[in-house]
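Visitor: Input: one structure, supplied below.
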């Protein structure tokens with residue numbers, strides 16, 4: 001795999017692709033901005049494995065954190081509540097730096 | 001076990017024995033299994049070995065990990081940094097392609113696990129997930145109204161506590177390390193493990209001690225026994 005492109009603390013935007021087929025990026029985070037929490041390792045690409053492919057090259061996987069209030073209109077919990085999703089690097093693009 | 005058909009039929013699985021009376025879906029599965037063996041996708045006995053593997057796992061494994069972490073800070077550090085290695089220390093073999101991460105409940109944060117895309121679950125440690133974990137209702141609501149979902153399980157998270165939901169939809173499986181409830185200071189590891197239910201490991205519950213109103217995050221101060 002290529003070296004991991006993002007570091008913990010980086011702001012990232014999830015690609016808003018409406019890609020058909022087997023993907024592991026939940027629809028509710030597409031187009032949303034979050035923060036890299038940690039690098040989880042490199043794993044075979046599920047979008048290739050699902051169709052009998054080799055899954056290679058392996059894709060870097062990150063735990064990405066989002067504020068719940070950024071994900072849902074009218075979120076009924078508290079402002080500090082967070083949601084974490086594990087996302088492959090090719091679904092992420094750098095977002096503007098801003099303070100949390 | 002050797003993989004011959006004869007051995008398999010003599011194998012004593014209560015309720016999961018191959019049966020001539022099984023329904024049409026079971027018959028279809030058997031036919032698919034036979035075809036997969038014929039085409040050398042599976043070896044004879046692979047399915048049974050996988051069933052045995054899964055049946056040998058249960059939430060008791062998770063309870064053991066938690067209880068050890070409560071009494072042994074070095075083990076706790078290991079569990080949080082490398083769950084697979086920590087599990088192996090207790091004889092729990094979670095080897096395989098997926099990773100395991102343990103997230104810790106603290107007085108500031110309560111963790112909840114879900115897989116919105118399917119039903120990813122730390123099966124290699126805990127065995128099969130409960131049916132509700134796979135339900136559309138839980139999978140869709142745990143992400144956008146986690147506090148309401150936990151309330152339905154009887155768990156009220158105080159407002160000043162952060163709720164952290166982990167959607168484990170890729171190659172990592174999550175376990176929650178709950179907080180050790182007050183009133184358990186004199187308890188041994190085995191008794192402590194008895195307090196840790198499957199639901200505590202998913203995050204829809206917390207360990208409770210009878211007679212002590214505690215266990216929920218934010219209620220860390222022991223209350224007198226009633």
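The values are calculated or read from the model by the stated rules, or taken from the named source; none is laboratory data. Fair warning: this is a prediction, and the values are worked out from it, not measured in the lab. For neighbour counting, all protein chains shown are included, and Cβ atoms are generated from backbone atoms with ideal geometry for every residue, glycine included.
Visitor: Does residue A:74 satisfy the condition of being surrounded by fewer than 15 Cβ atoms within 10 Å (Cβ to Cβ), facing chain B (nearest Cβ under 10 Å) and out of contact with any helix residue (DSSP H, G or I) (no Cβ under 7 Å at 6 or more places or on another chain)? Show your work before the answer.
Guide: Numbers: surrounded by fewer than 15 Cβ atoms within 10 Å (Cβ to Cβ): yes; facing chain B (nearest Cβ under 10 Å): yes; out of contact with any helix residue (DSSP H, G or I) (no Cβ under 7 Å at 6 or more places or on another chain): yes.
Yes; evaluated as a whole, the condition is true for this residue.
Visitor: Quick test for you: out of B:152, B:210, B:189, pick the one residue that is surrounded by fewer than 19 Cβ atoms within 10 Å (Cβ to Cβ), more than 24 Å from residue A:80 (Cα to Cα) and modelled with pLDDT of 95 or more.
Guide: Working: B:152 fails: more than 24 Å from residue A:80 (Cα to Cα); B:210 fails: modelled with pLDDT of 95 or more.
None of the other options fit; the residue is B:189.
Visitor: Determine which member of the set B:99, B:189 is closer than 19 Å to residue B:68 by Cα and assigned by TED's automatic domain parsing to the domain that holds residue B:63. Reasoning before the result, please.
Guide: Numbers: B:99 fails: closer than 19 Å to residue B:68 by Cα.
B:189 is the lone residue from the list that is closer than 19 Å to residue B:68 by Cα and assigned by TED's automatic domain parsing to the domain that holds residue B:63.
Visitor: Could you tell me whether residue A:93 is part of a strand (DSSP E or B), more than 8 Å from chain B (Cβ to nearest Cβ) and either under 22 Å from residue B:147 (Cβ atoms) or free of Cβ contacts under 8 Å to residues at least 24 places away in the same chain (or both)?
Guide: Values: part of a strand (DSSP E or B): yes; more than 8 Å from chain B (Cβ to nearest Cβ): yes; either under 22 Å from residue B:147 (Cβ atoms) or free of Cβ contacts under 8 Å to residues at least 24 places away in the same chain (or both): no.
Criteria not met by residue A:93.
Visitor: Find all pairs meeting these conditions: Cβ atoms under 9 angstrom apart; at least six residues apart or on different chains; first residue within region B:106-126 and not assigned by TED's automatic domain parsing to the domain that holds residue B:171; second residue in a loop (DSSP other than H, G, I, E, B).
Guide: As it stands, the answer is none, since no pair meets every condition given.
Visitor: Quick one: which residue in A:84, A:51 is out of contact with any helix residue (DSSP H, G or I) (no Cβ under 7 Å at 6 or more places or on another chain) and either touching a residue at least 40 places away in the same chain (Cβ under 8 Å) or at the interface with another protein chain (Cβ under 10 Å from one of its Cβ atoms) (or both)? Talk me through it step by step, then tell me what you get.
Guide: Working: A:51 fails: either touching a residue at least 40 places away in the same chain (Cβ under 8 Å) or at the interface with another protein chain (Cβ under 10 Å from one of its Cβ atoms) (or both).
After applying the criteria, what remains is A:84.
Visitor: Please specify each residue of region B:93-114 satisfying the condition of being under 22 Å from residue B:130 (Cα atoms) and modelled with pLDDT of 95 or more.
Guide: Passing the criteria: B:100, B:101, B:102, B:103, B:104, B:105, B:110, B:111, B:112, B:113, B:114.
Visitor: Can you find, within region B:118-129, the residue that is farthest from the other protein chains (Cβ to nearest Cβ) among those that are touching a helix residue (DSSP H, G or I) at 6+ places or on another chain (Cβ under 8 Å) and surrounded by 16 or more Cβ atoms within 10 Å (Cβ to Cβ)?
Guide: B:127
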